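Rule-based calculations on the coordinates, nothing more; no lab input. Worth saying up front: this structure is predicted, and the values here are computed from it rather than measured. Virtual Cβ from ideal backbone geometry, glycine too; neighbours counted across all protein chains shown.
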Number of protein chains: 2
Amino acid sequence: MSEGLRERKKAETRKALSTAALRLAQQLGPDGVTVEAIAEAAGVSPRTFFNYFGSKEDALLGVNPNETTQLLADLVARPEGEGALEALHGMARRAAARLEAEADDMWARYELAQSHPPLAMRRAARFSEVERVLAEEIARRTGLDVDRDPYPMLAVSTALGAIRVAMAVWHDRGRTCALADAVDETFTLLARGLPSPIPAAGG
Amino acid sequence: MSEGLRERKKAETRKALSTAALRLAQQLGPDGVTVEAIAEAAGVSPRTFFNYFGSKEDALLGVNPNETTQLLADLVARPEGEGALEALHGMARRAAARLEAEADDMWARYELAQSHPPLAMRRAARFSEVERVLAEEIARRTGLDVDRDPYPMLAVSTALGAIRVAMAVWHDRGRTCALADAVDETFTLLARGLPSPIPAAGG
DNA sequence: TGCAAGCTTGCAGTCAGTGCATCTTTCGCT
DNA sequence: AGCGAAAGATGCACTGACTGCAAGCTTGCA
């Protein structure tokens, strides 16, 4: 509703591009796909591709430009009284719920990245892009200086790690649980201070 | 001693290339440097550059091919009785001590990456490359399955985050402390379960 | 309806990165 | 020393990602 035709078309083109990229990569492998092929499959010129994605990898991973903004918004929305990890956990739950809508897509892209190291690395790098922004919000909440106190960055980096691992778990277990449940699991471990597990008992 | 002329020359060329890359980038910015220029400055052919580094960015960051191996060795060397975080902390301390020898270089490269997002992202991605290998060792120690239990990956991801943050702190504080001290600081916070800090009291 | 802003596109170019064939250097062995 | 094998360096030719620029369309809005 809030958007006009222009915005809708842009969203459609973006989707078409990243979907085409994914499908082609599934068939030919990431290196077998060219930007030209992706553009053609999406019915757009190669030059236009780069109006939407900064790189081929970004299209393959379906990078969303305002994920950062949304994550930050989710964090800011948490009550001020919460501790850092608590708030980040809440943010992660919400993000998981949002992502659940495109679980199939996410699964496929994860699978692709899993078997192609450069993609996996690009994915990891994406997470680090968000770090600073979130750390600034945590710093604000805790009254610390993000450049002098390790706490905010450490809390955020830890939380993002928990999210990454949750996605891995969610994937490796064959999607037998909701992403949000996996998130709860990893954050619970964190909240307990990563207690040394008893070998016999599988978590 | 253990190496012949061949190995020594290779190490020298690698060093020459990454040093040349750094210096040129400091003057012209990462985008102002070409592989050709780096190769020439190092007295080697452009084609040879790629025998040493997989990408221009890797040379700028001074990526070391056996860092992974060393980290793993440091982890394996920890006594079996230690808990996961304890062992990872020990590993990190040792890595920090090793890196201290090239602190100036590390500082310069950190500085460069700090002001050029793509480099910072490549740096972050490097960390994730090590994750799996270390997690497998933690899994072995704890008797867990790295693909089914979140604990090993979570512990490692958390520890690597602590190392990254330690480097950031070490940098942001103007190198007023040893890297190993920063490592101790972040791991101590972790061991305490990231307690919500009292705003007034730093650290 | 018409102007302005925003997108798309083509063009031309730079440069990273790769496979292959060849030449040179080092190593291990006698 | 000296020789054959292994490893490294180099040149060449090529693909394809990515960019800036200067038009052309489309949409939004008055």
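Could you pull out every whole DSSP H run in chain A that spans at least 27 Å of Cα extent along its own axis and averages -0.5 or higher on the Kyte-Doolittle scale? List each step's numbers first, then the result.
Working: long enough: A:5-28 (34 Å, -0.75); A:117-142 (37 Å, -0.44); A:150-172 (32 Å, 0.83).
In chain A, the long hydrophobic H runs are A:117-142, A:150-172.
Can you tell me the dipole magnitude for region A:1-57 around its Cα centre, using point charges on the Cβ only (Lys, Arg +1; Asp, Glu -1), in Debye to the nearest 20? Write down the numbers at each step before the final one.
Details: 9 positive and 7 negative charges, 47 e Å.
It comes to approximately 220 debye.
Report the charge-dipole magnitude of the protein assembly as shown in Debye, nearest 20, computed about the Cα centre from +1 at each Lys and Arg Cβ and -1 at each Asp and Glu Cβ.
On the way: 50 positive and 58 negative charges, 128 e Å.
Rounded to the nearest 20 debye, it is 620 debye.
Loop by DSSP (not H, G, I, E, B), at most 15 other beta-carbon atoms within 10 Å: where is the longest site-free stretch of chain A for trypsin sites (Lys or Arg not before Pro)?
Values: sites that count: A:Arg148, A:Arg173, A:Arg175, A:Arg192.
Formally, the longest exposed-site-free interval is A:1-147.
Would you mind computing, in nm to one decimal, how far apart the modelled labels at A:Ser45 and B:Ala178 are, each placed 7 Å from Cα along Cα→Cβ?
6.1 nm
Under a 10 Å cutoff between Cα atoms, tell me which one of A:Ala96, A:Ala77, A:Ala180 has the largest fluctuation in the Gaussian network model of chain A.
For chain A, modelled as a Gaussian network with Cα springs under 10 Å, the answer is A:Ala77.
Rank B:Glu57, B:Glu131, B:Glu12 by mean-square fluctuation in a GNM of chain B with C-alpha springs under 10 angstrom and give only the top-ranked residue.
Fluctuation is largest for B:Glu12.
Go from 0 up to the bin containing the longest alpha carbon distance in region A:32-185, width 10 Å each, and give me the % of pairs per bin.
10, 35, 32, 18, 5, 0
Once you charge only the Cβ atoms, +1 for Lys and Arg and -1 for Asp and Glu, what is the size of the charge dipole of chain A about its Cα centre, to the nearest 20 debye?
With only Lys, Arg, Asp and Glu charged at Cβ, the dipole is about 340 debye.
Between A:Pro197, A:Thr186, A:Phe49, whose Cα lies farthest towards the positive end of the dipole of chain A when Lys and Arg beta carbons carry +1 and Asp and Glu beta carbons carry -1, centred on the Cα centre?
The residue sitting most towards the positive pole is A:Phe49.
First check a/c for region A:104-196, with a ≥ b ≥ c the square roots of the eigenvalues of its C-alpha gyration tensor; if it is under 1.5, answer rounded, and if not, answer prolate when a/b is larger than b/c or oblate otherwise.
Working: a/c = 2.62, a/b = 1.54, b/c = 1.70.
It is oblate, given that a/c is not under 1.5 and a/b is not larger than b/c.
Sorted from shortest, what are the nm distances separating the label point of B:Cys177 from equivalent points in the other copies, each placed 7 Å from Cα along Cα to C-beta?
So the distances to the same position in the other copies read 3.6 nm.
What percent does the relative contact order of chain A come to when contacts are Cα pairs within less than 8 Å and at least six residues apart? Walk me through the intermediate numbers first.
Details: 164 pairs, mean separation 35.2, N = 203.
RCO, chain A: 17 percent.
For region B:51-63, in order, what is each residue's ³J(HN,Hα) by Karplus, 6.51 cos²θ - 1.76 cosθ + 1.60 with θ = phi - 60°, in whole Hz (x at glycine and Pro)?
Result, ordered by residue: 7, 10, 10, x, 7, 4, 4, 4, 5, 4, 8, x, 4 Hz.
Rounded, prolate or oblate: which fits region B:1-80, taking a ≥ b ≥ c as square roots of the Cα gyration tensor eigenvalues, rounded meaning a/c under 1.5, else prolate when a/b beats b/c?
Taking the square roots of the gyration eigenvalues as a ≥ b ≥ c, region B:1-80 is oblate.
Based on the alpha-carbon gyration tensor of the protein assembly as shown and its eigenvalue square roots a ≥ b ≥ c, which shape applies: rounded if a/c is under 1.5, prolate if not and a/b is larger than b/c, or oblate? Write down the numbers at each step before the final one.
Details: a/c = 1.44, a/b = 1.02, b/c = 1.41.
Rounded shape, in that the Cα axes give a/c under 1.5.
Of B:Ser45, B:Ser157, how do they rank once you tally other Cβ atoms within 10 Å and put the fewest first? Mind showing how you got there, number by number?
Details: B:Ser45 12, B:Ser157 27.
Fewest-to-most ranking of B:Ser45, B:Ser157: B:Ser45, B:Ser157.
Show which lysines lie in cross-link reach of B:Lys9 when reach means a straight Cα distance below 24 angstrom and same-chain residues fewer than eight apart are skipped.
B:Lys56
Which one, B:Val133, B:Ser115, B:Leu75, projects farthest toward the positive side of the charge dipole computed for region B:40-143 from Cβ point charges (K/R +1, D/E -1)?
Checked the options; the winner is B:Val133.
Defining the label point at 7 Å along Cα→Cβ, can you sort the distances from B:Gln114 to the same site in each other copy, shortest first, in nm?
Copy-to-copy label distances for B:Gln114: 3.9 nm.
List the distances, in nm to one decimal, from the label point of A:Glu82 to the label points of the same position in every other copy, shortest first, placing each label point 7 Å from Cα along the Cα-to-Cβ direction.
List, nearest first: 3.4 nm.
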